[in-house]
Amino acid sequence: MNFSLTEQARFFTTLGHEYLDAKPSWKPFMKKGTEPKWCRDRFVDVQHIKLEITPDFERKSFIGRATITASAINDGTEFLELDACEMAITEVKVDGKPADWNHDGAKLAVRFGKALTPDKPIEIAVSYSATPRRGVYFVGPDAGYPKKHLEFWTQGQDEDSRYWFPCFDYPNEKATTEIIAQVPKGMTSLSNGALISVQDKGQYSLHHWKMDVPHVAYLVTLVIGDYVKVSKEWDGIQVDYYVPPGREADGERSFGRTPEMVKFFSDKTGVKYPYPKYAQVTAADFIFGGMENTTATTQTELTLHDARAHLDFSSDPLNSHELAHQWFGDYLTCRDWSHAWLNESFATYFEAMWCEQSLGDDEFKYYLDADWKTYLDEDAGAYRRPIQTNVYNEPLDLFDRHLYQKGAVILHHLRKQLGDRLWWKVINHYLTSNAKSCVITQDFADAIEEVTGRNFDWFFSQWIYGGGHPEFKVSAKWDETTSQVELTINQQQKPDELTAIFRARAAVRFVYSGGQEVREFDIDKATHRYQVKLPARVKWISFDPGNALPKTLELDLPQDMLIAQLESDDDVMGRVHAARNLARKPNAKVTEALAKALKTDKFWGVQAEAAYALGKVHSPAAQEALIAAKAVKHAKARRAVAQALGEFKTDPAAKALAGILAKDESYYVEAQAAASLGKTRNALAFDALVAALTKESHNDVIRSHAFAGLCELRDMRALPVMREWTAYGRSQQARYSAIGSLGRLASESTEDKDKQAARETLEPLLEGDFRQTMAAVGGLRALKDPKALGALGKLASTTHDSRIKRNAKMAIDAIRESAGVPKELKALRDDYEGLKKEYDDLKVRLDKLEGDKGTGKAKSKKAAKKPAKAKVKGSAKKKR
């Protein structure tokens with residue numbers, strides 16, 4: 001399963017974050033006293049599930065019949081309890097005879113009248129109907145959205161299959177399945193396994209799907225709609241995708257490389273794709289990015305994109321992630337949710353390895369770095385937790401950046417420790433020795449030990465069962481008399497019950513005139529100091545070349561070393577770290593080096609980091625370098641330039657951004673320009689941003705970022721514009737952005753009537769589809785109006801969606817916390833913004849004066865005395 005809707009979200013939430021200065025104390029994942037969740041017991045062994053489904057698109061309901069083949073595991077089993085939520089059950093039979101049963105709305109208890117014979121199969125047939133709120137979704141046209149695609153689709157993970165068929169809805173029970181679906185004429189269907197027959201019944205057809213490899217209940221799927229099917233194949237395996245009519249070209253851009261991915265994962269794991277077919281289908285209003293239903297992945301329709309979007313947007317991350325789940329999540333499934341990293345961390349890392357295969361090493365390393373920054377954002381801003389934990393409220397609480405992105409980077413670290421030969425041997429052994437079964441973390445640890453002979457308990461202890469990460473500060477000084485580098489490696493994180501001083505082996509590359517050396521150091525203390533003798537003066541050093549060690553990194557190195565590394569390091573992450581650390585040394589020489597990297601570096605990611613660093617340097621020369629680079633070739637580098645220009649509250653920056661917003665090849669560059677233009681607080685911004693709301697773009701990315709820019713601008717004239725865009729029927733993605741942005745902007749207003757109007761607009765939107773509700777919760781959280789607590793509390797107590805419930809509770813906590821923040825704090829922030837603009841103006845004037853002095857144009861007495869003043873200041877600083 002993938003939460004991220006698109007690659008655009010991945011990029012816009014990771015580029016440009018800075019972690020060198022922030023070291024907040026971590027917050028707990030769960031409140032004290034949260035009860036641990038243990039794996040459910042199995043009283044029967046479910047062998048097969050047969051479903052007969054008749055949907056009613058008009059009433060948004062369906063009639064079903066589930067026939068479950070199961071056998072008792074233990075002696076004395078006299079009844080069976082199935083998960084069966086919000087369905088009207090009309091009949092239950094056991095082996096063809098009426099049974100005694102009871103249904104409380106959530107559980108179906110079937111009593112057998114006598115103890116079952118262990119291991120002897122029985123058939124339990126349940127007839128029922130449902131108008132579901134979860135599990136099954138009917139999507140189609142209405143007055144607001146008359147062109148919406150008509151669809152029926154299911155979504156089981158985490159535990160929502162119980163809303164559309166009675167089952168043992170937990171990941172430790174696997175069974176074969178079949179579905180017989182009544183499909184209206186003109187529509188097609190997709191389900192698990194093979195389509196074994198289609199029977200014409202006049203107004204409808206009966207589609208019979210059968211899955212012969214056991215899988216868990218949450219992976220059972222059925223999609224019905226008017227789709228065009230495109231078929232490909234790899235090595236005799238059918239590889240299909242289904243898209244709405246007219247989207248075939250977009251479908252090829254999105255799914256066309258899937259056969260290559262199937263080959264890559266099959267070859268590298270040594271386990272050929274283990275099913276007869278692989279298919280992908282798009283779903284309108286899908287509540288996740290993608291879902292890895294066995295052999296039949298459902299993906300959000302938002303992944304489909306046109307040729308312009310394809311300049312710097314790709315569906316490959318989502319596609320490869322969901323495909324990887326066919327091995328890690330479907331073929332092998334976590335036994336209980338506490339071990340869900342065995343599904344999601346693996347799929348996320350294999351997603352990155354497809355990037356390595358298809359785009360090369362530089363893209364791969366930078367991709368993993370983006371994953372790591374995404375995790376760091378959560379660790380610093382939300383909470384810290386172990387990757388494997390059974391302390392949670394709802395299973396989806398665990399599906400976070402620790403589970404996906406951090407786990408993926410930890411797997412990469414493990415791969416680099418083992419080396420590729422042993423890594424792939426471990427992966428093959430793990431898959432083959434646990435084939436078709438349910439796994440826990442120890443199964444993976446055992447596979448490592450069985451293949452390598454090495455005990456990795458210490459590794460799992462600090463990386464999987466512990467929390468946090470090493471926060472390195474590395475310094476180096478050259479001693480000319482001894483021809484030695486004094487190298488100091490500090491771990492700056494504070495050890496506690498969750499976070500350790502990490503054990504690691506770190507490589508350091510020393511580059512000097514005429515050669516280089518790589519030394520390895522075993523780190524297990526807070527501070528290590530080394531004297532490294534070299535044949536010549538060191539030019540630059542690289543800590544952890546290749547970036548194999550998960551960490552934050554502060555390089556306390558001489559400026560010339562960092563500049564030399566930025567210019568010369570052949571490792572992309574060495575240049576990235578050099579650029580980030582040079583941002584801490586704002587001066588003319590650094591600006592020149594960063595400007596050169598922005599213009600000439602061969603990899604767009606380094607150009608992006610140089611751009612962001614120039615934004616941090618925040619000088620007129622840095623601004624000039626960014627404006628000069630606004631037409632840099634790679635679209636993602638141009639995005640970074642646009643983002644960095646938002647750090648300058650000046651007319652030149654605003655004019656440059658307005659020009660980018662007016663026209664760029666890329667939707668996403670224009671979008672970033674919109675967000676950054678608002679940050680400049682320039683007089684031209686309001687009209688330009690309102691005009692940008694007329695622009696069509698992939699997934700409304702330009703409109704969404706225009707709303708973000710209007711929030712940054714803090715111009716209350718935008719409030720009625722946003723309210724207008726919250727109306728049902730407006731372009732969907734822009735509407736959701738307007739809903740969230742309305743609360744954010746209104747929170748800055750000094751007028752109570754603006755807050756009231758925003759709240760009265762947002763509260764009714766808490767009742768609606770998933771994305772509308774989530775946007776309204778976010779808007780009310782940003783609004784910080786205590787009067788919204790009642791509506792949010794009602795939502796938290798009545799919703800059946802665990803993500804909505806969690807976000808509503810978090811919004812309540814945030815509003816209560818903000819109620820204690822004095823108004824003086826807001827005033828201080830406003831004062832800071834005003835001073836920052838004055839600082840920008842003064843910087844321009846000062847640089848001009850110094851430039852005039854350098855050309856001999858300024859010879860005032862004050863200028864003549866300036867060196868003496870500088871000397872006094874320097875002496876005072878030295879004394880302190």
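A compact table of results
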quantity	calculated
For the range 368-412, alpha-carbon Rg over 2.2 N^0.38 Å	1.10
Residues K599 and D377, FRET efficiency given R0 of 35 Å [Cβ-Cβ distance, rounded to 0.05]	0.75
For the range 397-402, 3J(HN,Hα) per residue [Karplus equation, 6.51 cos²θ - 1.76 cosθ + 1.60, θ = phi - 60°, Hz, x = Gly/Pro]	4, 7, 8, 10, 6, 5
Rg/Rg_ref, the range 323-427, where Rg_ref = 2.2 N^0.38 Å and atoms are Cα	1.07
Stokes-Einstein translational diffusion, the range 714-796 - Kirkwood Rh over all Cα pairs, 0.890 mPa s, 25 °C, in µm²/s	200 µm²/s
Calculated from backbone phi, Karplus (6.51, -1.76, 1.60) coupling profile of the range 746-751 in Hz, x at Gly/Pro	4, 4, 8, 6, 8, 9
Added length on full extension, which subtracts the Cα-Cα distance from 0.36 nm per residue, E233 to E91	46.8 nm
Solvent-accessible ranking of W26, W372, largest area first, probe 1.4 Å	W26, W372
Alpha carbon centroid spacing (whole Å) that separates the range 326-359 from the range 705-768	38 Å
Trypsin sites (Lys or Arg not before Pro) lying in DSSP loop within the range 522-566, provided at most 14 other Cβ fall within 10 Å	K525, R537
Cβ-placed point charges (K, R +1; D, E -1), dipole of the chain about Cα centre in debye, nearest 20	4480 debye
For the chain: relative contact order, % (alpha-carbon pairs under 8 angstrom, 6 or more apart)	8 percent
Value of [θ]222 nm, deg cm²/dmol, for the chain, DSSP H segments ≥ 4, -39500 (n - 2.57) each, nearest 500	-13000 deg cm²/dmol
Sparse-neighbourhood loop sites, trypsin sites (Lys or Arg not before Pro) in the range 62-171 - DSSP loop, at most 11 other Cβ within 10 angstrom	K114, K147
Sulfur and carbon atoms: percent of accessible area, the range 40-166 [1.4 Å]	49 percent
Between the range 57-83 and the range 597-625, the Cα center-to-center distance that results, in Å	61 Å
J(HN,Hα) series, the range 632-647, from Karplus relation 6.51 cos²θ - 1.76 cosθ + 1.60, nearest Hz, glycine and proline x	3, 4, 6, 4, 5, 5, 5, 4, 5, 4, 4, 5, 5, 4, x, 7
Percent accessible area from carbon and sulfur atoms, the range 694-804, protein chains only, probe 1.4 Å	49 percent
Radius of gyration and maximum dimension Dmax of the range 763-803, Cα, Å	9.4, 25
10 Å binning of all Cα-Cα separations within the range 50-96, expressed as whole percents from 0 upward	17, 47, 25, 9, 2
The chain: angle of helix 752-762 to the longest principal axis, Cα-based, in degrees nearest 10	30 degrees
Accessible area in square angstrom per residue, the chain, 1.4 angstrom probe	41 Å²
More than 12 angstrom apart: percent of Cα pairs within the range 703-748	49 percent
The range 110-219 - Rg over Rh from alpha carbon coordinates, Kirkwood radius	1.03
Amide H within-cut-off set for D240, under 5 Å, with H built and near neighbours excluded	K232, Y278, A279, Q280
log10 of Debye I(q)/I(0), alpha-carbon scatterers only, for the chain at 0.04, 0.05, 0.07, 0.11 Å⁻¹	-0.20, -0.31, -0.61, -1.46
Protein accessible area in the range 447-511, 1.4 Å probe - carbon and sulfur %	43 percent
All-pairs alpha carbon distance profile, the range 645-746, 10 Å steps from 0, percent	19, 53, 26, 2
5 angstrom amide H check on L557, placed H, neighbours 5+ away	none
Directionally averaged shadow of the range 174-250, computed from the convex hull of its alpha-carbon atoms, nm²	6.0 nm²
Loop sites in the range 715-753: trypsin sites (Lys or Arg not before Pro), DSSP, at most 11 other Cβ within 10 Å	R717
Amide proton proximity set for S483, modelled H, under 5 Å, gap of 5+	none
For the range 565-648: lysine pairs under 14 Å (alpha-carbon distance), excluding those fewer than 8 apart on one chain	7
Nearest-ten-degree value, helix 420-433 long axis tilted from longest Cα axis of the chain	20 degrees
Accessible area of Y331 in the full protein assembly, 1.4 Å probe (Å², nearest 10)	30 Å²
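The values are calculated or read from the model by the stated rules, or taken from the named source; none is laboratory data. Quick caveat: nothing in here was measured; it's all calculated off a predicted structure. Positions of Cβ are backbone-derived with ideal geometry, glycine not excepted, and every protein chain shown enters the neighbour counts. Note: accessible area is taken over every heavy atom of the protein model, side chains too, but ligands, DNA and RNA are not part of it. Shrake-Rupley method; radii C 1.70, N 1.55, O 1.52, S 1.80 Å.
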